[in-house]
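What follows is a short report on a single structure.
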Amino acid sequence: MPEPQLPYQNESNLLIDSFPDRALVNAIDNSRLGSALLFFGPAGVGKWLGALSLTAYLNCKNRETLNLKTRTVFGGYCGECPTCRQVFAGTFPDLHMVFPTPTTKKAKEQIEFNTSYLNTKKENPLNAVRWPGVSGISIDRARAIKSKLSRKPNPGAYRVVVFNEVDKMLPQAVDSLLRMIEEPPENTLFALISARPEAVVETALSRCQRLRFPALSVQSVSQYLQDSVGLSDSRAGVVARLAEGSPGRALEIVKEMETPEEDKKISREVGWLTLKAIFLESGPGALQVLSNSVDLRNRSAVETLLTLWENYLRDLVLINQGLSEKVANVDLLGDMQKLSSVIQIGPALYALFDKFTTSRINLRQHVNAQLALTDLSVAIHAVSMN
């Protein structure tokens, strides 16, 4: 059989060399696969695609006949048999996907959110799904999974249960599943996904084989953007650097850049990444990132960016003061905690809030937006230790 043409071919090619799956492949081929895996690493680096690919690898009808130089999870399935097509269409009956849902939504809204979440991932498994409020995996969802697992998988099938963002799983929900993870039903695998493994309940971590998904190189992400999105080399390089090795974040930035002018808005993610770039990278590089990520001709968009930056700075101050439970942007807490360590709390930081007011006044008086932001960006960078 010839080499397969895979679903999400560009994404699979991007991840084949970065995912350390030789031990996993050997365990599968030698029938030594454990009952639980932890896929961990930064957001948007392919953990969801890894779970889909693993399910296809375990269940592909043509796996043993493929003409492959190197066997890898991200390419060890045909992509064409009925099972592979079902896995990537989200209709494989023995693949169960669990992810956090907003705790404030009603039943109908929860269903709509679930549909939107899965459609976003089906469009491209690297796509990020963000919810700014509180979300989690409830004990009711865990019990529903336990009920499904009480039934046997289809004959010949290897059942996979994926918990995405398992760090948002409530402790009581984890406790209800521990026995099943330790002694799973026949031909059942639990795949836990997290960008914040330090926040996962330890009793769950202790039962998992851990597989790290690293950030990719800027060059790899840049080439992916050129191949899959058609960005120019220079624009792809800027976006890749801003995305810090995460193709998922890079796609989010590109989507915003391509939004029609009349609908252009600054996403929370791009606002956060541009602020972080300015904290950590001085000089023309940071300003190049900013000018390539935000339309500085759109004064409304720039004002939105200023509001986002100001909110993030308030959260960083709270974290520095040991008040993490009071931050507004809870979905970015882990990333913010890392950045907060390079910020000097003092008069220069508090003076930044006055500079935000000055920048808004300048914008409303039709001062050039890039000039207004340059002064603010220099002041922001000055409060970091680097």
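Quick check on the stretch 30-49. Is at least one of its residues part of a helix (DSSP H, G or I) and among the small types (G, A, S)? Within the stretch 30-49 (the criterion being part of a helix (DSSP H, G or I) and among the small types (G, A, S)), the answer is no, since none of the residues qualifies.
For the stretch 201-216: of the residues being buried (at least 21 other Cβ atoms within 10 Å of the Cβ) and more than 20 Å from the chain's Cα centre (by Cα), which is nearest to G334 (Cα to Cα)?
Looking at the filtered set, the residue picked out is A204.
R85 passes every criterion in (1) within 21 Å of P155 (Cα to Cα); (2) basic (K, R); (3) part of a loop (DSSP other than H, G, I, E, B) apart from (3). Across the stretch 177-218, what is the number of residues that are of a type outside the set (K, R) and assigned to a loop (DSSP other than H, G, I, E, B)? Looking only at that region, the number is 15.
Let's see how each residue does on (1) outside the structural domain of W272 (by TED's automatic domain parsing); (2) of a type in the set (A, V, I, L, M); (3) over 22 Å from R297 (Cβ atoms):
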| residue | (1), (2), (3) |
| --- | --- |
| L339 | no, yes, yes |
| V342 | no, yes, yes |
| G346 | no, no, yes |
| Y350 | no, no, yes |
| F353 | no, no, yes |
| I361 | no, yes, no |
| Q365 | no, no, no |
| N368 | no, no, no |
| A372 | no, yes, no |
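Residues of the stretch 88-137 that are under 30 Å from K61 (Cα atoms) and either part of a strand (DSSP E or B) or among the acidic types (D, E) (or both): D94, L95, H96, M97, V98, E123.
Residues that are of a type in the set (G, A, S), in contact with a helix residue (DSSP H, G or I) (Cβ under 9 Å, 6 or more places away or on another chain) and not in a helix (DSSP H, G or I): does the stretch 374-386 have at least one? Checking the stretch 374-386: at least one residue is of a type in the set (G, A, S), in contact with a helix residue (DSSP H, G or I) (Cβ under 9 Å, 6 or more places away or on another chain) and not in a helix (DSSP H, G or I). Tallying residues that are farther than 20 Å from A56 by Cβ, hydrophobic (A, V, I, L, M, F, W, C) and surrounded by 22 or more Cβ atoms within 10 Å (Cβ to Cβ) within the stretch 158-173 yields 3.
Of all residues in the stretch 116-157, those satisfying the criterion of being surrounded by 15 or more Cβ atoms within 10 Å (Cβ to Cβ), under 30 Å from A243 (Cβ atoms) and of a type in the set (S, T, Y) are Y117, S135.
Say we look at the stretch 96-115 and pick out the residues that are basic (K, R) and exposed (fewer than 12 other Cβ atoms within 10 Å of the Cβ); which of these is farthest from N329 (Cα to Cα)? Result: K108. The single residue among E198, E252, E183 that is buried (at least 21 other Cβ atoms within 10 Å of the Cβ) and out of contact with any His (no Cβ under 7 Å at 6 or more places or on another chain) turns out to be E252.
The values are calculated or read from the model by the stated rules, or taken from the named source; none is laboratory data. Because the structure is a prediction, the values reported are computed rather than measured. Please note: Cβ atoms are built from the backbone with ideal geometry, for glycine as well, and neighbour counts cover all protein chains shown.
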